[in-house]
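The values are calculated or read from the model by the stated rules, or taken from the named source; none is laboratory data. What you see is a predicted model; the values in this text were computed from it and never measured. Backbone-built Cβ (ideal geometry, glycine too); neighbour counts: all protein chains shown. Ligands, DNA and RNA are excluded from the accessible area calculation, which covers all protein heavy atoms including side chains. Shrake-Rupley method; radii C 1.70, N 1.55, O 1.52, S 1.80 Å.
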Amino acid sequence: MHTHFHKFLKLSKFIVFITDLLLIHTGFILAYIIKFGTNPPIANFEPYCKLIPVITLSAIILFHVYGLYTISRKSYGDIVFSLILSLLLLQVITVASTFFIRQFAFPRSIFFIAFGVQLVLLSLWRYLVQNVRKYVHGEKKVMIVGEKEAAEKLAKKLISSSRGWFDIKYIITPQKYDEIINHINEVDAIYICSDVDENLKTRLFYDSMKFKKHLFIVPNLRDILLVKSQFVQFDDVPAISVNYPSLTNEDKLIKRLFDVIFSLIGILVTLPLMLIIAILIKITSPGPVIYKQLRVTEKGKKFNVYKFRTMVKDAEKMTGPVLATEDDPRITKVGKILRATRLDELPQLFNVLKGDMSFVGPRPERPYFVEQFEKQYPSYKYRHNVKAGITGLAQVFGKYTTDVDDKLRLDLIYITNYSLWLDIKIILLTLKTIFIKEASSGVKREMELEELLKSLNYNVYSELGITKIDK
């Protein structure tokens with residue numbers, strides 16, 4: 001069944017890809033018909049014909065960046081949101097292209113009409129695709145193997161993000177290995193948490209292959225580096241070549257040129273907005289407009305990061321370094337808006353221009369927290385192999401409340417997979433996170449697993465080291 005689903009997935013991706021492009025262009029043609037009737041003027045229709053290659057290529061790139069070709073396990077709301085953002089940017093790119101090729105006869109109203117038609121057509125198409133894929137995939141039964149805290153954390157994430165795709169049946173600690181084998185034929189897939197001992201992980205790997213079960217592994221540093229490893233050969237001896245997690249000198253040069261050019265453009269474009277924000281902060285709250293805070297970047301170097309002040313003056317004077325919480329009383333009214341829209345980070349464009357930071361990289365943390373995290377997570381030091389960034393993989397795929405170890409994995413995945421295209425993709429994805437409240441809100445209380453399961457009407461049976469879950 002697993003092999004058949006993957007064959008179906010490959011075929012369906014091609015069908016989805018072609019149908020998407022047809023619907024996008026159908027949207028433009030219907031927009032012309034709505035505005036001009038069935039015989040639009042050649043002078044107005046010709047610019048669209050000339051821009052078909054630009055529209056097609058832009059749509060492919062935007063749909064790929066916003067994950068619209070990998071819609072499995074995503075909520076329909078997230079899919080529609082990604083469609084809205086992709087189609088809006090597609091119209092912007094198309095409008096900009098008309099100026100470059102001087103096709104001013106392209107009616108501006110067409111873009112508004114086309115956006116509405118495309119959104120309706122593609123939303124209905126994606127609803128059909130998602131339900132067909134969900135039907136073919138079926139609801140897979142899952143076993144999670146890991147220590148209590150890590151396993152329950154993973155279970156909560158699976159329940160919140162993959163309901164209808166995966167159904168958790170067992171949560172078993174590694175010490176109960178006999179129970180794992182006893183129940184392995186009752187599930188379709190096994191999730192292994194990162195805290196599982198390497199010897200047990202190896203046993204689980206081979207047993208999963210033996211029983212033909214789909215295996216998911218939460219990676220540690222070694223796993224992340226092995227994914228990017230290469231096979232090499234010494235005479236007739238095959239070996240795996242594993243590189244140290246860092247950027248090459250050529251990568252650093254390209255990244256720096258990109259940062260300088262686009263930080264200058266960003267400063268020039270957003271300067272009027274930054275002046276307005278500065279005035280609003282000054283007239284609504286006493287204290288400085290710009291907040292400087294010591295952070296850590298590449299090779300452990302300390303620097304002052306610039307941000308628009310979003311909290312009351314001397315917010316940490318009495319508490320010391322603490323993370324912001326949801327509905328934090330220290331955050332000002334203007335500060336809430338700035339945090340929600342990420343506009344408080346605009347002054348970091350000057351950090352990028354100075355060379356303290358990059359556009360993309362691990363978020364810079366305060367020395368106090370770096371010291372704590374490096375004691376707790378031995379791999380944490382490797383995230384300082386590159387410059388800190390305004391945004392990063394952990395920011396676009398994580399939330400403010402995402403655990404440090406999960407953010408660390410994403411940062412290490414970014415470093416080992418760096419490319420200029422990945423940086424551009426992350427910057428585009430950052431536009432999406434601006435509109436997601438959870439990405440910028442403070443730390444909040446999460447429900448315990450048992451509490452969450454009961455709220456969803458699951459039955460939970462717990463013994464020492466093993467938890468069984470039934471609907």
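Observations on the model:
- Helices (runs of 4 or more DSSP H) enclosed by the range 365-421 - at least 2 residues per element that are buried (at least 20 other Cβ atoms within 10 Å of the Cβ): 393-397, 404-416
- Of all residues making up the range 76-121, the number that are of a type in the set (A, V, I, L, M) and either more than 22 Å from THR433 (Cβ to Cβ) or assigned by the TED database to the domain that holds LYS425 (or both): 10
- Filtered by the rule that a residue be under 22 Å from ILE413 (Cα atoms) and of a type in the set (S, T, N, Q), the range 203-250 gives ASN220, SER229, GLN230, SER241, ASN243, SER246, THR248, ASN249.
- Candidate set from the range 129-169 (those that are open to solvent by 60 Å² or more (accessible area, probe 1.4 Å) and among the charged types (D, E, K, R)); member that is nearest to LEU87 (Cα to Cα): LYS134
- Of residues in the range 112-128 being buried (at least 19 other Cβ atoms within 10 Å of the Cβ) and out of contact with any Leu (no Cβ under 6 Å at 6 or more places or on another chain), the one nearest to GLU46 (Cα to Cα): ALA114
Residue-by-condition table, conditions (1) part of a helix (DSSP H, G or I); (2) at pLDDT below 90:
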residue	(1), (2)
PRO272	yes, no
ILE277	yes, no
PRO286	no, yes
VAL305	no, no
ASP314	no, yes
ALA340	yes, yes
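- When ILE172 is tested against (1) closer than 25 Å to ILE413 by Cα; (2) buried (at least 18 other Cβ atoms within 10 Å of the Cβ), only condition (1) is not met.
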